[in-house]
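One structure is given below, encoded as structure tokens.
The values are calculated or read from the model by the stated rules, or taken from the named source; none is laboratory data. If you're wondering where the values come from, they're calculated on a predicted model, not measured in any experiment. Because the Cβ atoms are built from the backbone with ideal geometry, glycine has one as well, and the counts that use them run over all protein chains shown.
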Amino acid sequence: MLKWEQTLMGTLGMELVKQTETSVEISMAISERNVQPFGFLHGGASVALAETAASIGSAGIINLEEEICFGAEINANHIKSVREGSVTAIATLQHKGRSLHVWTIEVKNDKGELVCLSRCTMAVTKKRV
């Protein structure tokens, strides 16, 4: 089982909504924990949400007893600002290789409007003893 509460995900208020083998949906309420000084959702919080969705997705399709996954690359285009409500990241698996997974992540506001568009590459490696 993956730890959650005492991590960045718990600190920022992320919650897993839905997970399949090819998609992950997580949400995050906008609060004082994840906004920038002007009161808008911090771009870094959007990127953290996107990478978390990809990480959960990859962790769900590897053998966690023998393998581990890490974010290898992420990019993000911040399209729309948001000040209240919540945002939801929907990660969709684009490529599943032995050592790399590629995810496309759409972060949307409560109205379903695109806030951030991201792509994340996850590296999959054998656990070291």
Taking the conditions exactly as written (modelled with pLDDT of 95 or more, outside any strand (DSSP E or B) and among the acidic types (Asp, Glu)), does Glu25 satisfy them or not? no
Within region 49-64, residues farther than 19 Å from Glu5 by Cβ, of a type in the set (A, V, I, L, M) and not in a helix (DSSP H, G or I) come out as Ile61, Ile62
Of the residues in region 26-60, those that are over 15 Å from Leu8 (Cβ atoms) and without any contact (Cβ under 8 Å) to a residue 24 or more places away in the chain come to Glu32, Gln36, Pro37, Phe38
Taking region 1-22 and keeping residues assigned to a loop (DSSP other than H, G, I, E, B) and either under 18 Å from Val124 (Cα atoms) or out of contact with any helix residue (DSSP H, G or I) (no Cβ under 8 Å at 6 or more places or on another chain) (or both) leaves Met1, Leu2, Lys3, Glu5, Gln6, Thr7, Gly13, Thr20, Glu21, Thr22
Here the residues within region 82-129 that are surrounded by 14 or more Cβ atoms within 10 Å (Cβ to Cβ), of a type in the set (S, T, N, Q) and in a loop (DSSP other than H, G, I, E, B) are Asn109
When every residue in region 1-25 that is of a type in the set (Asp, Glu) and in contact (Cβ under 8 Å) with a residue 40 or more places away in the chain is compared, the one nearest to Glu113 (Cα to Cα) is Glu25
For region 111-126, does any single residue satisfy the condition of being charged (D, E, K, R) and in contact with a Ser or Thr (Cβ under 9 Å, 6 or more places away or on another chain)?
yes
Going through (1) touching a helix residue (DSSP H, G or I) at 6+ places or on another chain (Cβ under 6 Å); (2) aliphatic (A, V, I, L, M); (3) within 20 Å of Lys127 (Cβ to Cβ) one by one, Met28 fails only at (3)
When (1) surrounded by 15 or more Cβ atoms within 10 Å (Cβ to Cβ); (2) on the phi > 0 side of the Ramachandran plot; (3) of a type outside the set (A, V, I, L, M) are applied to Gly39, the one that fails is (1)
